[in-house]
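The values are calculated or read from the model by the stated rules, or taken from the named source; none is laboratory data. Predicted, not measured: the structure shown is a model, and the values here were computed from it. No Cβ is skipped: glycine too gets one built from the backbone with ideal geometry, and neighbour counts run over all protein chains shown.
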Amino acid sequence: MTSRRKTEPSFEPGLIPAPGGLLDWRDGRHFDRFQDLPCVLCGSPTPMRSHSSEPVHKACAEAWLTANPVEARLGRFASDLKPKSPSRSNGRGRDHA
């Protein structure tokens, strides 16, 4: 029996940026420190991975989003989920000088 892991996101994606926008890929799961694979868009080696584990440079994914705005809505490349903002009631999470 074969695994279907390739079709399921390795972790939950967030919003799809508008054409010309930048992806927020701060999560370390976008980086494979063990293996560079050919980018699915340009073919050059990359340690970067999309949410669905596709090897792709962030810049290539952003260019693809700009060139394919209709297909982009299907969510091939997306930003990370935004972390929940800290509670303002306790004053923590604020960085004031």
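Within the option set Gly43, Gly28, being modelled with pLDDT of 90 or more, under 11 Å from the mean Cα position of the chain (by Cα), loosely packed, with under 13 Cβ neighbours inside 10 Å and not basic (Lys, Arg) holds for one residue only, Gly28.
Is it the case that some residue within the stretch 73-93 is exposed (fewer than 12 other Cβ atoms within 10 Å of the Cβ) and modelled with pLDDT of 95 or more? Within the stretch 73-93, not a single residue is exposed (fewer than 12 other Cβ atoms within 10 Å of the Cβ) and modelled with pLDDT of 95 or more.
Restricting attention to the stretch 44-86, the residues being part of a helix (DSSP H, G or I), β-branched (Val, Ile, Thr) and either in contact with a Pro (Cβ under 6 Å, 6 or more places away or on another chain) or closer than 13 Å to Pro13 by Cα (or both) number 1.
Being at pLDDT 95 or above and loosely packed, with under 12 Cβ neighbours inside 10 Å is true for just one of Ala61, Ala97, Ala67. Which residue is that?
Checking each option against the conditions leaves just Ala67.
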